[in-house]
Amino acid sequence: MTQDMCDVTRAKNGRPVHHWRRDLVELAALFTAVAVADAVANLLGHGPDGPALLAISAVALIATAGFHTWWSRRHGHAPPTGDTGARPTTSARRAGTVEGDPSTPETGADGGSGPDSGSGSGQTVLWRMRTTVRDEPGSLAALCTALAELRVDILSLQTHPLAEGTVDEFLLRAPAPVAASEVTRAVSLSGGFGTWIERADAHDLVDAPTRVLGLATRTALDAAELPLALRQLLGRCTIRSLPATSVRGDRAEAGAPVEGALEDTVMRLRAPEGGVITVERPYLPFTPTEFARARALVELDARLGPRVPRSRDVLTLPQGKDIIVRRADAADVEAAKAMHERCSQRTLSMRYHGPVGDADKYLKHLLSPHFGRTLAVQTASGRVVGLGHLLWDGDETEIALLVEDDWQRRGIGGELLNRLVAMAVEAGCDSVYAVTQAANTGMVAAMRGLDLPLDYQIEEGTLVITARLETASPHTETAGHEREHSVRD
């Protein structure tokens, strides 16, 4: 007898079970079968219709065997092909060797390749959840047990230690019928508090160290990426960069200590140029771990110093002249001031909406990569004749253009605007806005030329045009290489 058969014949208390009743029934069935066989043999041997009865018996036996085979195949004892409720072991899930498990990240519920793929009752969704648990043994285990009872799979877990308690950040895959309120209720009953949850997507499947390294690489290549990297690192938050002195230079802003400051939902970091970077997230307090990560990213930016990609595109105007479009930074302040001197009073007032004499004071702020991205248009001789700014304004993004009078109406403004919008799309912005005047027909026409949904708002002669970027597609170009094409009006 094999080991499996031996296990079957053991009771819950470990002692062997004696099947004497089954043995007695089998013995009685054997004697009955012998008696029936003897009666049939006497009937066939001594009756006149013996051969006919033998043939009928053979047909009956064949029919019975066929019926038994059909019945066995239709009502077999194999387990159903669907989910039986059994969960694979943790080691099997981590190894990726469980077939047909809807919780594995490689396939969706119906075998698709997306995190929310599948249809019907087997569809799954991704959630990002953060909750606080007591810092004592068994608290995390109770929370995981509560999630398991809802058939919610934990794909990743990060812990943020606090002075009292621990903040646990989860990436979850849950059955589609399980609502967020059910998850948070189960977490609350298992001891979690301060729970926050939102939908996630495939980008959240990247582990935290890989994501942080990617953000550090982007910041190292371009100083203008620092605010965007902080937003991706910390989630939905408002980031404002304040200079050490005001743009006009007449007052100083409140500074931040070198080591930074953390106050619940607000962190203040020392900017590389001496200003302050304020990060605010009202819906969720920052943890010391997040503060340390953000401070390390800012320190990296400060050590590397000012830098922008040195790519340049050579464009041919309809008039046959070549111009160069490139990234600009604080090194172009003097060239930008010289362009101001060549611009008319009307052009400067259309751009800066204030006293023309103060225009030069804004340039150091506008050309700093920490406040946005700037594109410069220069001639073959190196003279700057146009500037386009993409400025980070908290949760919003502003676009501004200035083209020297002698170079207007040549398609330069439209080219700059299209490139700035492509940068905004690449940065993940939902919209961009331009502040101008109703009389600035060139800027209005350029915004309309984007072929994007536009919203208009007029206040005391100032026109604010907002372009929604949901339908825009990023225009990608190879950095570090010259490209040549024509600018069309």
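The values are calculated or read from the model by the stated rules, or taken from the named source; none is laboratory data. Only a predicted model underlies this, so the values are computations on that prediction, with no experimental measurement involved. No Cβ is skipped: glycine too gets one built from the backbone with ideal geometry, and neighbour counts run over all protein chains shown. Only protein heavy atoms, including side chains, enter the accessible area calculation; ligands, DNA and RNA are left aside. Shrake-Rupley method; radii C 1.70, N 1.55, O 1.52, S 1.80 Å.
Every residue in the range 153-174 that is open to solvent by 50 Å² or more (accessible area, probe 1.4 Å) and under 17 Å from Ala142 (Cβ atoms), please.
Ile154, Leu157, Thr159
Mind listing whichever residues of the range 201-239 are within 22 Å of Asp430 (Cα to Cα), surrounded by 16 or more Cβ atoms within 10 Å (Cβ to Cβ) and of a type in the set (Val, Ile, Thr)?
Across the range 201-239, the qualifying residues are Thr219, Ile239.
If you go through the range 408-416 one residue at a time, do you hit one that is over 23 Å from Arg327 (Cα atoms) and either without any contact (Cβ under 8 Å) to a residue 24 or more places away in the chain or of a type in the set (Gly, Ala, Ser) (or both)?
no
Those residues that are more than 21 Å from Gln437 (Cβ to Cβ) and crowded, with 16+ Cβ neighbours inside 10 Å, I need them from the range 334-353; list them, please.
Ala335, Ala336
Taking Ser368, is it without any contact (Cβ under 8 Å) to a residue 24 or more places away in the chain and in the same structural domain as Thr441 (by the TED database)?
Working: without any contact (Cβ under 8 Å) to a residue 24 or more places away in the chain: no; in the same structural domain as Thr441 (by the TED database): yes.
For Ser368, the condition - without any contact (Cβ under 8 Å) to a residue 24 or more places away in the chain and in the same structural domain as Thr441 (by the TED database) - is not met.
Which residues, counting only those in the range 271-289, are closer than 14 Å to Gln232 by Cα and either open to solvent by less than 10 Å² (accessible area, probe 1.4 Å) or not assigned by the TED database to the domain that holds Arg240 (or both)?
Within the range 271-289, Val279, Arg281 qualify.
Test of understanding: among Leu189, Leu140, which residue is farther than 30 Å from Val298 by Cβ, surrounded by fewer than 15 Cβ atoms within 10 Å (Cβ to Cβ) and not small (Gly, Ala, Ser)?
The conditions single out Leu189.
What tally of residues in the range 314-333 results from selecting those that are touching an Asp or Glu at 6+ places or on another chain (Cβ under 7 Å), buried (at least 18 other Cβ atoms within 10 Å of the Cβ) and not β-branched (Val, Ile, Thr)?
The qualifying residues number 1.
Hey, does the range 247-261 have a residue that's modelled with pLDDT under 80 and among the basic types (Lys, Arg)? Write out each step before concluding.
Initial filter on the range 247-261 (modelled with pLDDT under 80): 247-259.
Among the residues that remain, those that are also among the basic types (Lys, Arg) are: 248, 251.
Within the range 247-261, one or more residues are modelled with pLDDT under 80 and among the basic types (Lys, Arg).
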